[in-house]
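*Asks:* Can you read through this structure? Questions will come right after.
The values are calculated or read from the model by the stated rules, or taken from the named source; none is laboratory data. Here the structure is a predicted model, which means the values were calculated and not measured. Neighbour counts are summed over all protein chains in view; Cβ atoms, including those assigned to glycine, are modelled from backbone coordinates with ideal geometry. With ligands, DNA and RNA removed, areas are computed over all heavy atoms of the protein, side chains included. Shrake-Rupley method; radii C 1.70, N 1.55, O 1.52, S 1.80 Å.
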Amino acid sequence: MVQAWYMDESQEDQRAPHRQRPNRAVSLEQLRRLGVVYRRLDADNYETDPCLKEIRRAENYSWMDIVTIHKDKLPNYEEKIKTFYEEHLHLDDEIRYILEGSGYFDVRDKDDKWIRIFMEKGDMITLPAGIYHRFTLDENNYVKAMRLFVGEPVWTAYNRPADDFPARKQYMKFLAEEAHNGV
């Protein structure tokens, strides 16, 4: 099961867990209220997994590729790692399915605090369009992930501040509605 927690303020190695002391765990329900969707799948059988096939059909994820993030596998590795860790948003949902290895997605909560989500083999996450986030490897320095898209992939990341984009405004409206419904 996925683990998530509020991050400490340390500027040390981004690949470290950065748990607050005491740890402030974040539940799947708290992530859901931020629009983050988590699923656990069978990564050993991703090529034939009926659950993955059904998710792709239901969500209209028509495009897919697999990326390996490791210094020996990814061209311009150091530059890419820095880019992935810059706070940004996308105009479309970001869907990642971890096939091997592990890493962290960091997302901002409604109060602009960082939540770290530990992702490992079998974890699938959907980050909604407009959410500020970033990604980093953990101390193992390796992840192989499936990237899924609705239609043709759009790779554009908009670094913060990017509050004027319609996707960000729609996401902020979603957060306000979640806060109102949660009262």
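*Asks:* Condition check: under 19 Å from the mean Cα position of the chain (by Cα), within 16 Å of Thr126 (Cα to Cα) and not small (Gly, Ala, Ser). Does Glu87 satisfy that?
*Replies:* So Glu87 does not fit the description; no.
*Asks:* Restricting to segment 116-125, give me the number of residues that are open to solvent by less than 10 Å² (accessible area, probe 1.4 Å) and more than 13 Å from Val36 (Cβ to Cβ).
*Replies:* Summing the residues that are open to solvent by less than 10 Å² (accessible area, probe 1.4 Å) and more than 13 Å from Val36 (Cβ to Cβ) in segment 116-125 gives 1.
*Asks:* Here is a list: Lys53, Lys113. Which entry is closer than 24 Å to Pro166 by Cα, modelled with pLDDT of 95 or more and surrounded by fewer than 16 Cβ atoms within 10 Å (Cβ to Cβ)?
*Replies:* It is Lys113.
*Asks:* If Leu31 meets every condition in (1) in contact with a strand residue (DSSP E or B) (Cβ under 8 Å, 6 or more places away or on another chain); (2) open to solvent by 20 Å² or more (accessible area, probe 1.4 Å); (3) within 28 Å of Glu178 (Cα to Cα); (4) not in a strand (DSSP E or B) apart from one, which number is that one?
*Replies:* (2)
*Asks:* Moving on. So which residues in segment 18-28 are open to solvent by 50 Å² or more (accessible area, probe 1.4 Å) and either touching a residue at least 60 places away in the same chain (Cβ under 8 Å) or in a strand (DSSP E or B) (or both), if there are any at all?
*Replies:* Listed by number, the residues that qualify are Arg19, Ala25.
*Asks:* I would also like to ask the following. I'd like the full set of residues that are open to solvent by less than 80 Å² (accessible area, probe 1.4 Å), over 28 Å from Leu74 (Cβ atoms) and part of a helix (DSSP H, G or I), limited to segment 128-183.
*Replies:* Result: Arg168, Tyr171, Phe174, Leu175, Ala176, Glu178, Ala179.
*Asks:* Restricting attention to segment 21-78, which residues are on the phi > 0 side of the Ramachandran plot and under 16 Å from the mean Cα position of the chain (by Cα)?
*Replies:* Gly35
*Asks:* Check whether at least one residue in segment 102-124 is under 20 Å from Leu148 (Cβ atoms), assigned to a loop (DSSP other than H, G, I, E, B), touching a helix residue (DSSP H, G or I) at 6+ places or on another chain (Cβ under 6 Å) and of a type outside the set (A, V, I, L, M, F, W, C), and report yes or no.
*Replies:* yes
*Asks:* Tally up the residues in segment 56-101 that are outside any helix (DSSP H, G or I) and closer than 25 Å to Ala167 by Cα, please.
*Replies:* Final tally of qualifying residues: 18.
*Asks:* Of everything in segment 151-183 that's at pLDDT below 95 and among the hydrophobic types (A, V, I, L, M, F, W, C), which residue is farthest from the chain's Cα centre (by Cα)?
*Replies:* Only one residue tops the list, namely Val183.
*Asks:* Which of the following residues is part of a loop (DSSP other than H, G, I, E, B), out of contact with any strand residue (DSSP E or B) (no Cβ under 7 Å at 6 or more places or on another chain) and more than 29 Å from Ala176 (Cα to Cα): Asp44, Asp13?
*Replies:* The unique qualifying residue is Asp13.
*Asks:* Which condition number does Asp42 fail, the rest of (1) in contact with a helix residue (DSSP H, G or I) (Cβ under 9 Å, 6 or more places away or on another chain); (2) closer than 28 Å to Thr83 by Cβ; (3) open to solvent by 50 Å² or more (accessible area, probe 1.4 Å); (4) not polar (S, T, N, Q) being met?
*Replies:* Of the numbered conditions (1) in contact with a helix residue (DSSP H, G or I) (Cβ under 9 Å, 6 or more places away or on another chain); (2) closer than 28 Å to Thr83 by Cβ; (3) open to solvent by 50 Å² or more (accessible area, probe 1.4 Å); (4) not polar (S, T, N, Q), the odd one out for Asp42 is (2).
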